[in-house]
Amino acid sequence: MQKSITGFSKLSKRKKLQWLVENFFRDPEGVMKELMSYWHIDEEKQSLLDRFSENTISNFYLPYGVAPNFKINGKLYCIPMVIEESSVVAAAANAAKYWQNRGGFHAEVLSTEKVGQIHFIWGGDIQLLRTKFEDLKKKMLSKAESLTANMISRGGGITGIELVDLSAKSSDTYQLRINFKTADSMGANFINSVLELFSKVLVEFVSCDPYFGPERHNLDVLMAILSNYTPECIVRAWVECPVEQLGTVESFDALKLAKRFEKAIHIAKIDPYRATTHNKGIFNGIDAVVLATANDFRAIEANGHAYAAKDGQYKSLSECRVENGIFKFWLEIPLAIGTVGGLTSLHPMAKHSLELLGHPTAEELMMIIACMGLAQNFAAVRSLVTTGIQKGHMKMHLYNVLASLNASECEIEQTVSHFKHTIVSYSAVRDFIGDLRESPLK
Ligand code: MEV
């Protein structure tokens, strides 16, 4: 047993895998074979995937599905989704179909500004820096010209630089907050490159200008990085229809449904426990499209949850109002995504996702993703306040249980038919399959 190793990253992929299976698995040969079976047969494609990360030993597959019939601002989309949770794609597709006949989804991008920060310590009189701030800004912008030229030609660039005083909360602490527009790219690399350059310019500026005198020694640049919180990069998605068009769900007529729905959203506004689950449902849809287009789902999640807490309490990201006979349901969310650059242009599946969506601009993709989040939220809440979520979930879960029991096509058919009107649980399905296997003609 040799569970610690030096030079692991230098080993070939096969050697890495060998060391791993020999040290951590009971059936080294079997596991090796299994993990290698997920290597791409096309070596070029595999080495492309390997370049996305480090120490790769295999690929981790997730289902890639689509939700058709999404009418957004009058245009029809078939939306790609990468997600491992059963019911999510089905719910999205159902919500899409449902709203297709009720005016479809609507969406609008409200703003597209992103933020970068340079955090620094200034032990002396900050007024000195304030006095020279306009000169500093000019210097920064001129030094960054070679970095920003291309972005400006694409409609982006730097839109503001401000000095933020954090010294009341943390002694001698200040920040340069820089606003960016990054056109169709998510812009993380662009923003971080500009910030690191600006940090150098700040240090040079203060050390070279005699105006600062000995005060120049008071500057210490701590770190420079984009902020994943983008409350000024916001999209709004909504659906609306006359209440009576909502239709009935089992014993719930349209008005009852509308009122119960509105109440459920209100509860997610006032109770963080419910709000978290509620927003998780929104992100079921959002993350799936974000992944399918190879955008950064960790950034999207962090951003959305920070925004959900912007008023000091974590709340639902969506809202609902039933007024004058009209049901309105909407979502406002920050989405910093891209359709060019990064993995969006490198990952072969992401390229297909973007083609499937008609090569959207970043703003169009923001609208698509927000509508998907809203659709998912609509489907979940509508189920919750009517039939309950388990009915649909367990139906889909049944297939996972069947897969784990290695059920044959014929067994699947019989089991699905049996559980149409029976409660699904792992043990119930296992017993049913067990019975089938004992007497297959059942
Ligand atoms: C499950 O993945 C998502 C839901 O819990 C969302 C919700 O409760 O609104 C169904």
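The values are calculated or read from the model by the stated rules, or taken from the named source; none is laboratory data. A quick note: this is a predicted structure, and the numbers were derived from the prediction, not measured. Glycine also receives a Cβ, built like all others from the backbone with ideal geometry; neighbour counts cover every protein chain displayed. Note: accessible area is taken over every heavy atom of the protein model, side chains too, but ligands, DNA and RNA are not part of it. Shrake-Rupley method; radii C 1.70, N 1.55, O 1.52, S 1.80 Å.
Pick from Ala306, Ala288: which is crowded, with 17+ Cβ neighbours inside 10 Å and under 22 Å from Leu365 (Cβ atoms)?
Numbers: Ala306 fails: crowded, with 17+ Cβ neighbours inside 10 Å.
Residue meeting the stated conditions: Ala288.
Counting the residues of segment 382-393 that are near the ligand (Cβ under 7 Å from one of its atoms), assigned to a helix (DSSP H, G or I) and closer than 17 Å to Ala93 by Cβ gives 0. The single condition among (1) buried (at least 17 other Cβ atoms within 10 Å of the Cβ); (2) modelled with pLDDT of 95 or more that Met223 does not meet is (1).
Whether any residue in segment 389-410 is closer than 22 Å to Ser318 by Cα and of a type outside the set (Phe, Trp, Tyr) is what I want to check. Give the derivation first.
Filtering segment 389-410 down to residues closer than 22 Å to Ser318 by Cα leaves 389.
Still in the running and of a type outside the set (Phe, Trp, Tyr): 389.
Looking through segment 389-410, at least one residue is closer than 22 Å to Ser318 by Cα and of a type outside the set (Phe, Trp, Tyr).
Looking at Cys371, is it closer than 21 Å to Leu246 by Cβ, away from the ligand (no atom under 16 Å from the Cβ) and open to solvent by less than 40 Å² (accessible area, probe 1.4 Å)? Spell out how you get there, then give the answer.
On the way: closer than 21 Å to Leu246 by Cβ: yes; away from the ligand (no atom under 16 Å from the Cβ): yes; open to solvent by less than 40 Å² (accessible area, probe 1.4 Å): yes.
Against the criterion (closer than 21 Å to Leu246 by Cβ, away from the ligand (no atom under 16 Å from the Cβ) and open to solvent by less than 40 Å² (accessible area, probe 1.4 Å)), Cys371 qualifies.
For beta carbons closer than 6 Å, sequence separation of 6+ or different chains, a first residue in segment 125-152 that is touching a residue at least 40 places away in the same chain (Cβ under 8 Å) and a second that is β-branched (Val, Ile, Thr) and open to solvent by less than 90 Å² (accessible area, probe 1.4 Å), the qualifying pairs are Lys139/Val201; Met140/Val201; Lys143/Val201; Ala144/Val194; Leu147/Val194. Just one of the numbered conditions (1) open to solvent by less than 20 Å² (accessible area, probe 1.4 Å); (2) within 16 Å of the ligand (Cβ to nearest atom) is not true of Leu398: (2). Scanning segment 401-442 for residues that are open to solvent by 60 Å² or more (accessible area, probe 1.4 Å), in contact with a Leu (Cβ under 8 Å, 6 or more places away or on another chain) and among the hydroxyl-bearing types (Ser, Thr, Tyr) returns no hits.
Listed here are the residues, each with its yes/no results for (1) in a loop (DSSP other than H, G, I, E, B); (2) in contact with a Leu (Cβ under 7 Å, 6 or more places away or on another chain); (3) without any contact (Cβ under 8 Å) to a residue 24 or more places away in the chain.
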| site | (1), (2), (3) |
| --- | --- |
| Ala183 | yes, no, no |
| Asn189 | no, no, no |
| Asn192 | no, yes, no |
| Leu197 | no, yes, no |
| Val203 | no, yes, yes |
| Val206 | no, yes, no |
| Glu215 | no, yes, no |
| Val221 | no, yes, no |
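For segment 74-92, the set of residues classified as open to solvent by 30 Å² or more (accessible area, probe 1.4 Å) and either within 16 Å of the ligand (Cβ to nearest atom) or within 20 Å of Ala292 (Cβ to Cβ) (or both) consists of Lys75, Leu76, Cys78, Glu84, Glu85, Ser86, Val89, Ala90, listed by residue number.
Show me the helices (runs of 4 or more DSSP H) entirely contained within segment 243-347 in which 3 or more residues are within 16 Å of the ligand (Cβ to nearest atom) and either assigned by TED's automatic domain parsing to the domain that holds Gly103 or farther than 30 Å from Glu113 by Cα (or both). Break it down into steps so the answer makes sense when it comes.
Working: elements: 254-270, 272-292, 297-308, 342-346.
Answer list for segment 243-347: 254-270, 272-292, 297-308.
For Lys139, the requirement of being modelled with pLDDT of 95 or more, part of a helix (DSSP H, G or I), open to solvent by 60 Å² or more (accessible area, probe 1.4 Å) and not aromatic (Phe, Trp, Tyr) is met.
Among the residues of segment 101-124, write down those that are in contact with a helix residue (DSSP H, G or I) (Cβ under 6 Å, 6 or more places away or on another chain), surrounded by fewer than 19 Cβ atoms within 10 Å (Cβ to Cβ) and not aliphatic (A, V, I, L, M).
Let us first name the residues in segment 101-124 that are in contact with a helix residue (DSSP H, G or I) (Cβ under 6 Å, 6 or more places away or on another chain), namely 102, 105, 107, 109, 116, 118, 122-124.
The next check asks that each one be surrounded by fewer than 19 Cβ atoms within 10 Å (Cβ to Cβ); those that pass are 102, 109, 123-124.
Hits for segment 101-124 are Arg102, Gly123, Gly124.
Would you check if Arg177 is within 26 Å of Glu363 (Cα to Cα), touching a residue at least 60 places away in the same chain (Cβ under 8 Å) and either among the aliphatic types (A, V, I, L, M) or not assigned by TED's automatic domain parsing to the domain that holds Ala336 (or both)? Considered against the rule, which asks whether it is within 26 Å of Glu363 (Cα to Cα), touching a residue at least 60 places away in the same chain (Cβ under 8 Å) and either among the aliphatic types (A, V, I, L, M) or not assigned by TED's automatic domain parsing to the domain that holds Ala336 (or both), Arg177 comes out as yes. Being among the aliphatic types (A, V, I, L, M) and either in contact with an Asp or Glu (Cβ under 6 Å, 6 or more places away or on another chain) or in a helix (DSSP H, G or I) (or both): is that true of Ala370 here? Considered against the rule, which asks whether it is among the aliphatic types (A, V, I, L, M) and either in contact with an Asp or Glu (Cβ under 6 Å, 6 or more places away or on another chain) or in a helix (DSSP H, G or I) (or both), Ala370 comes out as yes.
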